[in-house]
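As structure tokens, the structure follows; a few thoughts come after it.
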Amino acid sequence: MMDTDSPAMIERYRRCLDLQRRIGHVRDPELLAQLAMTEVSGLLGADRSTLFLFDWDTMELRANFAAGIPGRPLVVPLRMGIVGTAILRRELANVTNAYAHPYFNPEIDSALGYKTDSLLVVPIVATDGRILGGLELLNKASGRFTDDDERLAMASATNLGRWLEQDRAYPAGLEAEIVALRNNVGCDRGTLFTLDTATSRLVAAYADGGDGRPLSLNIKLGIAGMVAVTGQSVCLNDVAADPRFNRSVDHRTGYQTQTMLCVPLVSRSGDSESETVGVLQVINKHAGAFDAEDENLLEAVAASLAITVENARLFGEQRRQFLSMVEAMAASVDAHGATTVGHSGRTVSRAVAVGRALGLSTDDLELLRVATALHDHGMIGVDDAVVNKAGPLDPAEQSQMRRHTGLTEEILGHIHLSRHFRPLPLIAAAHHEAMDGSGYPRGLRGHEIPFLARIIAAVDTYEALIADRPYRPALTTEAAWQLILDESGRRFDPVVVAALEKVLSDTNVNG
Ligand SMILES: [Fe+2]
């Protein structure tokens, strides 16, 4: 009987809670992996620990940091073919031209002397989410499985799942179910696969329409892969005796894995479906074998890690979505002819370099990047004829042109911005303000002008001067720089001008 109230146990749980508190705030997956790994090894009294994250696009488990193996990224490819992938992802696959599919494994065809054209695979999942197996239909007579076929196969999979869940290995009625399904759908073969977690194989429990030879697919998962796709923890205290263990890493490194505890990171956020996002693995307990207490502890850590990994992923996705929208908006201004093509991109790079030279924080650099990309967005509301006029603007045209700052502010004001980006409309709209108060639209002066807007003002003017415009050719870099210097203190902030000078001279030196 385990003494869960012992001081040592209480201390372990205290450390576990402490670890969970700390990882909850981390956004960077690499940092998260490092922090978790060092702490988890200590917590479990183990030699090594590894956090694998699942990449369903490449079908790989990747570990950027494995405590005990510094600087060596580990990648475990999961080779499953179309059938294995569909079953283990719990997703239906309807493929018309199997040989053109990147996951298709033609080995089985060549072994059986058969040619697969179309296939339909439906996973069979238990009520508690465990994967039981899958149903595969091959070669539809008309060449393509239809929506109706999918519905029929899914209904059959549900029936078969009920039988399999009751642990009846070869239940009566199973055969009739598959024969009926194959006849209704009108295809060559119907096979029921069950997942054998002990050997990482999908084994044909019943194949209808085949030649009767036993069929099993090796899905090459290893132990971490198996944990990832089944969502079940694995505790092994004699790793060498387990057929799933992949010895290649030990062979390469000369390390000997003896005991291993592997738990899944299951994300339950978002929709109601849970998804395995990774695996947490600890190897070689210093004293004795991993026990149920270790498993509980590691599962508790994994639950926190899964939330953090999911948050980091969502945060990254949101950020990429926002930045790609910003890029598209910036490109629309370039396309309008308000600036030369590529002007926005060059101005953004230069502004960020100036921001860096001024020691801005990462958050402020991000805000500067976005504000610079969008500062002239209001130009889309200015007439083409005015924007592209090949001569000086008359007073009416000038006042129309000046309206672009107000339009920028108005348009950006319609975007729901996160707290950090909230000053964006004001910053972007203030890029024609001048230090002496002679600018527009508000005639702000000195410190009234947002600092990031002062950076955009100097950089954008410099970039505009060295580019061809409809009404004048490009100036030389020397002439443009002289104009900026002449306006330092009047129009531009001298602090920004000094930083721009440094950035330009670094560019000249380093090309
Ligand atoms: Fe402007």
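Please treat every number below as a calculation from the coordinates, not as lab data. Source: prediction; values computed, not measured. Counting neighbours? That spans all protein chains shown, and the Cβs are built from the backbone with ideal geometry, glycine included.
A few comments on the model shown:
- At least 30 Å along the helix axis (C-alpha) and Kyte average at least -1.0, DSSP helices within the chain: 292-335
- Here r is the Cβ-Cβ distance between residue 13 and residue 175 and R0 is 45 Å; the resulting FRET efficiency, rounded to 0.05, is 0.30.
- Taking the fewest neighbouring Cβ atoms within 10 Å as the starting point, the ordered list for 13, 206 is 13, 206.
- Length added when fully stretched, residue 505-residue 218, from 0.36 nm per residue minus Cα-Cα: 97.3 nm
- 4 °C / 1.567 mPa s Stokes-Einstein diffusion coefficient of the chain, Kirkwood radius on C-alpha pairs, µm²/s: 47 µm²/s
- Computed helical MRE - 222 nm, the chain, DSSP H runs ≥ 4 contributing -39500 (n - 2.57), nearest 500: -15000 deg cm²/dmol
- Each peptide in 38-47, 474-483 gets a packing score, the mean of other Cβ atoms within 10 Å over its residues, and the list from highest to lowest is 38-47, 474-483.
- Among 350-356, 317-323, the peptide with the highest mean count of other Cβ atoms within 10 Å heads the list, and the full ranking is 350-356, 317-323.
- Within the chain: Cβ-based charge dipole about Cα centre, in debye rounded to nearest 20 (Lys, Arg +1; Asp, Glu -1): 540 debye
- Linear extension gain, residue 240 paired with residue 483, 0.36 nm per residue minus alpha-carbon span: 80.0 nm
- For the pair residue 422 and residue 389 in one chain, pulling the backbone fully straight at 0.36 nm per residue adds 8.4 nm over the alpha carbon distance.
- Region 81-218: C-alpha gyration tensor shape, a/c 1.5 cut-off, then a/b vs b/c: rounded
- A crude spin-label estimate for the pair residue 154 and residue 21, with each label 7 Å from Cα along the Cβ direction, gives 4.6 nm.
- Dipole magnitude for region 370-511: about 340 debye, using +1 per Lys or Arg Cβ and -1 per Asp or Glu Cβ, origin at the Cα centre.
- Zone residues, region 225-259, relative to residue 111, backbone N less than 19 Å from point 7 Å out along Cα-to-Cβ: 243-245
- Inter-label distance, nm, simple model (7 Å from Cα along the C-beta direction), residue 144/residue 324: 2.7 nm
- For region 336-510, the calculated P(r), taken from all Cα-Cα distances in 10 Å bins from zero up to the bin holding the longest distance, is 10, 38, 40, 12, 0 percent.
- FRET efficiency, residue 30 to residue 79 (Cβ-Cβ, R0 35 Å, nearest 0.05): 0.85
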